[in-house]
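Here the structure is laid out as structure tokens; the discussion comes afterwards.
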Amino acid sequence: MNGDSSIVLEGRKLNRQFGFGRNRFFAVSDVDFVFRSGEIISIVGESGSGKTTLAKMIMGLLKPTSGEVMFRENPRSLRTKADREEYWKSVQGIFQDPFSSFNQFSKIQTLLLDCINLLKLKLSEEEKMNMMREACGFVNLEFDELYNKYPFELSGGQMQRLMIARIFILKPKVLIADEPTSMIDACSRATILDMFLKLRKQNDMIIVFITHDLGLAYYVSDTIYIMEHGKIVERGNAATILESPVHSYTKRLLADVPKLKEAWDLG
Amino acid sequence: MGQTILTVSELKTFYRTRLKENVHAVDGVSFTLEEGKILGIAGESGCGKSTLALSVMGFYFPPLNFKSGSIVIDGIDIMKLSREDLRTKVLGEEIAYIPQSAMNALNPTKRVGKFIEDILREHRPGLSQEQMQRLAAERFEILNLPTRALTAYPNELSGGMKQRVVIATSTILNPKVLIADEPTSALDVSSQKIAIKLLKSLLAKGFVKSMLFITHELPLLKHVADDVMIMYAGQIVERGRIDEVIFKPMHPYAQALMGSIIVPESDIRGHRLSSIPGAPPNLKNEMKGCRFADRCIHTVDECRKEEIPERARGERTIRCLFDFDYQSEETAHERR
Amino acid sequence: MNSYLKYFLKKFGWYLLTLVVAITLNFFLPRMIKGNPVSVIVSAMSQGMSDVNAQKKLYESYMHQFGLDKPLFQQYLIYFQNILHGDFGVSFGNYPRRVSNILASAIPWTLGLQIPAILIGWLLGNLLGAFTAYKKGVFDKIIFPAALFVNSMPFFALSIIMLYVFGLHLKWFPIGGGYGYQMIPNLSLSFIGSVLQHHFLPFISIVLVAIGGQAIGMRSMSIYELNSDYVLYAKLMGIRDSRVVRYVFRNAVLPQVTGLALSIGTMISGALITEIVFNYPGIGTWLFTAIRTLDFPLISGCTLMITLAVLAANFTIEIIYGLIDPRVKATQMEGQ
Ligand SMILES: Nc1ncnc2c1ncn2[C@@H]1O[C@H](COP(=O)(O)OP(=O)(O)OP(=O)(O)O)[C@@H](O)[C@H]1O
Ligand SMILES: Nc1ncnc2c1ncn2[C@@H]1O[C@H](COP(=O)(O)OP(=O)(O)OP(=O)(O)O)[C@@H](O)[C@H]1O
Ligand SMILES: [Mg+2]
Ligand SMILES: [Mg+2]
């Protein structure tokens, strides 16, 4: 990534606290980040390290306890409905739990149509159908097989791919993807990653992968942030971090990933 | 070497949807499972892995339906048993299941220990409540779960803990076959490692006799399974020893799958992943010939003519007419 | 249990505050109705009286007796104080009967009609909803649409239809009142029989409407729960259907308990209208009369009773809910 591409999102000393009194704890503490146009970032950490909380704050779904998010070099405002819609047109997310993020009582077709309607384009029924079919095609889903189904009639991986299909309709400027491929087989994942990379090339999309899959982080990202107990403990160029990790936590994470060639110590 | 515990032959099952269509999600699957072995199942999402797991349990309820085939556990064809016998004598006792989303597998308003009591009440009617509690507590101890987890509600447990509770619950009756459907894909690497260790120790200690392990994480499978089956659109396309299938896949789909594995090892970066264009076939349609034909680069007319039988190639079984050897995916799958 | 006590006290505080606000509104709102009640009474009493001065005297003495000559705010303070002593003043329209006396005579009728009707309607509605989700067939095709139809009717329409068909037309049941008008309340069998006879039609009207509303919600909740992972897992561990259905019923009914809390206000007000239609001697009918005669003390007394009932019902439901649903316990008590 060339250093001079423009900064789109920036976080300054983001904090998020949950609970009060004795139960109080910081799920995210003093996190700084800088996302530049076209950059692919991975935020990696164990379960409970605060990744989803951070992602929700970036998406504007959760208020930081303190700290600030800068969007295109101005403090982000989400006060009015118009502000929020404007922001969400540029910043979109794929959520961790695909089942709970969809209305269980709407058919797949309705779910995708809602997305298209967000764009506020004037389209004929035919064009909308084509758009949905194409979006499903990007993620190896057969639209004609699915449109009449309810979310609970899909397999986990199909559900996740449907979430991703939304992104190909919305084409945001920043994509926050929280464990986007945890239920998807390697081959489909490769296809989806390919598609993501194309989207990034097309419109300089920033992709933030939130994951505990170090392999994925290593393969796709320019920059990696390692998160432990709400803090960023190591950050930098992906290759550097994974080839010569400095922090002991990073080293442990790396050791716990099953690999193809090296042994996996189950002792 | 080991004794055969489970034999599944030509199993066919389908979903009957609300719209009265049939989805043939398991379409002629045969395999055997030996004592002490872990058999892995991997494949594209939506290819029918979870359905295969459910089907092998032999206990069908709508929308899943049995069509044909046999499932033999320890010499007994469980499809010939009455439903009541199946429920009380086979489920949990002979063959047990760990569901894909173990996170939601526990009733949110039931204490973990009470649920285990309910299970024991069905299968061990003679036990007193104390005996049931003792049994559960012992099993929890073996799995390094704190006893307080027994009196907890599921939402009071962390994800990794819930997973371990489900492992304990599923194996409480010491089943001969344990079917684990993506037991760790919702866990982070550290909890995953713990869960895998537990599963392996259960097998080593003889609490379960054999295991079917479904996952799409092939690097994980490499360290867990002895043998592996690669599934595509309701059928097994390749079966063999795990190391051989991972490093020298023979079926074109398996080759593409292995070419797309990502691990944090230094040669992966910049390495081109193989991806297959197109979508898998619609399982609603009756299919003829090879299911992978539409996406395969080697397809010839013969592939689509009739059902491709499974055949042995060395120690491997594959469902392909040709003998393709695995080259690096750059040469084999470069299409653009 | 300490945290539960905290939850209880917090809820209690909120309800107390709501009650104070309600009492205040109760005092001021009726006084915004146009018209002067004393002139209504005086003009009724002084029919035929020609002396204007005497009329004026009478008017002033009434104004003083009811405390209407004092400033509004002072009236409010007195009102509040009196309420705390259970004194709602003297009814304008039924002078010199005390409002508390009227309420005391009406409340047993209202409670006796509404509590059983709403509870039974709620219970039957939920059972019906669960059955339609689980059994389908005749439940789903005939009974459920019928419930939908009944639910879409306004309360008074159903009451009037019942009154017309079974009371006026078929003459199976009396058309109004709480007991035969020639009778004097006592504990004889014939009196109780008469009460039950008069009770039947309004009771059934309320039950029918309640069933419809509850069945709809329960059906979709049950369908959702039946498709959840824990149901699959429990079944595959060999747990019998009847027990699994109990899990589902419990989890589906929990949101219905909240639903009851939300809808109890509507239900009570609807039931009051039923009382009016059947001229039942409960709060609803009294309130109706009081509004017609601008009987402020009685209006406030009735509405206050209704508010109190709705608040008490909601409070009870929330407290019970907090006890039975571990999920609420966890989230509500910790707070954000
Ligand atoms: N709404 C909430 N109220 C209280 N605590 C919360 C809330 N949301 C998250 N937490 C807590 O904050 C911590 C961080 O949670 P978060 O979901 O961000 O972790 P994560 O890194 O995304 O984990 P995972 O990999 O399991 O998704 C956890 O301890 C979690 O229990
Ligand atoms: N209840 C259902 N009704 C109809 N079709 C279903 C139902 N459940 C699953 N299917 C279909 O059956 C096929 C196989 O689904 P299954 O869940 O077995 O896939 P899977 O291999 O386990 O996928 P994943 O890796 O995503 O879990 C899919 O095409 C899916 O759409
Ligand atoms: Mg998360
Ligand atoms: Mg599955």
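Looking across the range A:208-224, the residues that are surrounded by fewer than 24 Cβ atoms within 10 Å (Cβ to Cβ) and more than 10 Å from chain B (Cβ to nearest Cβ) come down to A:ASP222, A:THR223. If A:ALA217 passes every condition in (1) within 16 Å of ligand 3 (Cβ to nearest atom); (2) farther than 12 Å from A:ILE40 by Cβ; (3) in contact with a strand residue (DSSP E or B) (Cβ under 7 Å, 6 or more places away or on another chain) but one, which one does it miss? That leaves (2) as the condition not met. Just one of the listed residues (B:ALA152, B:ALA168) is touching a residue at least 12 places away in the same chain (Cβ under 8 Å) and either more than 16 Å from ligand 1 (Cβ to nearest atom) or within 14 Å of chain A (Cβ to nearest Cβ) (or both), and it is B:ALA168.
Considering only residues in the range B:134-160 that are buried (at least 18 other Cβ atoms within 10 Å of the Cβ) and assigned to a helix (DSSP H, G or I), the one that is modelled with the lowest pLDDT turns out to be B:GLY160. The residues on offer are A:THR240, A:THR223, and the sole one that is β-branched (Val, Ile, Thr) and over 17 Å from the mean Cα position of the chain (by Cα) is A:THR240. Of the residues making up the range A:170-210, those that are within 16 Å of ligand 2 (Cβ to nearest atom), of a type outside the set (A, V, I, L, M) and out of contact with any His (no Cβ under 6 Å at 6 or more places or on another chain) are A:GLU179, A:PRO180, A:THR181, A:SER182, A:CYS187, A:SER188, A:ARG189, A:THR191.
Considering (1) over 15 Å from B:SER45 (Cα atoms); (2) within 11 Å of ligand 2 (Cβ to nearest atom), the lone condition that A:GLU153 does not fulfil carries the number (1). Filtering the range A:44-61 to residues that are within 20 Å of A:TYR87 (Cβ to Cβ) and more than 10 Å from ligand 3 (Cβ to nearest atom) leaves A:MET57, A:ILE58, A:MET59, A:GLY60, A:LEU61.
Condition check for B:LYS284 on (1) free of Cβ contacts under 8 Å to residues at least 60 places away in the same chain; (2) within 26 Å of A:GLY157 (Cα to Cα); (3) within 11 Å of chain A (Cβ to nearest Cβ); (4) surrounded by fewer than 22 Cβ atoms within 10 Å (Cβ to Cβ): one failure, at (1). Only residues that are away from every other protein chain (no Cβ under 11 Å) and of a type in the set (Phe, Trp, Tyr) were counted in the range B:58-105, giving 1.
Would you confirm whether or not the range C:126-145 contains a residue that is under 19 Å from the mean Cα position of the chain (by Cα), surrounded by 15 or more Cβ atoms within 10 Å (Cβ to Cβ) and under 24 Å from C:MET218 (Cβ atoms)?
Looking for residues that are under 19 Å from the mean Cα position of the chain (by Cα), surrounded by 15 or more Cβ atoms within 10 Å (Cβ to Cβ) and under 24 Å from C:MET218 (Cβ atoms), one finds none in the range C:126-145, hence no.
Just one of the numbered conditions (1) away from every other protein chain (no Cβ under 11 Å); (2) crowded, with 23+ Cβ neighbours inside 10 Å is not true of A:ASP185: (1). Of all the listed residues (B:PHE213, B:PHE115, B:PHE207), the sole one being out of contact with any His (no Cβ under 7 Å at 6 or more places or on another chain), within 16 Å of ligand 2 (Cβ to nearest atom) and aromatic (Phe, Trp, Tyr) is B:PHE213. None of B:GLY234, B:GLY206 is more than 9 Å from chain A (Cβ to nearest Cβ) and either crowded, with 24+ Cβ neighbours inside 10 Å or acidic (Asp, Glu) (or both) except B:GLY234.
Among the residues making up the range C:201-258, those that are among the small types (Gly, Ala, Ser), away from every other protein chain (no Cβ under 11 Å) and surrounded by 21 or more Cβ atoms within 10 Å (Cβ to Cβ) are C:SER205, C:ALA210, C:GLY212, C:GLY213, C:ALA215, C:SER222. Of the residues making up the range A:113-134, none is at pLDDT 85 or above, in contact with a helix residue (DSSP H, G or I) (Cβ under 8 Å, 6 or more places away or on another chain) and within 15 Å of ligand 2 (Cβ to nearest atom).
The values are calculated or read from the model by the stated rules, or taken from the named source; none is laboratory data. These figures come from a predicted structure and were not determined experimentally. We place every Cβ from the backbone using ideal geometry, glycine too, and count neighbours over all the protein chains shown.
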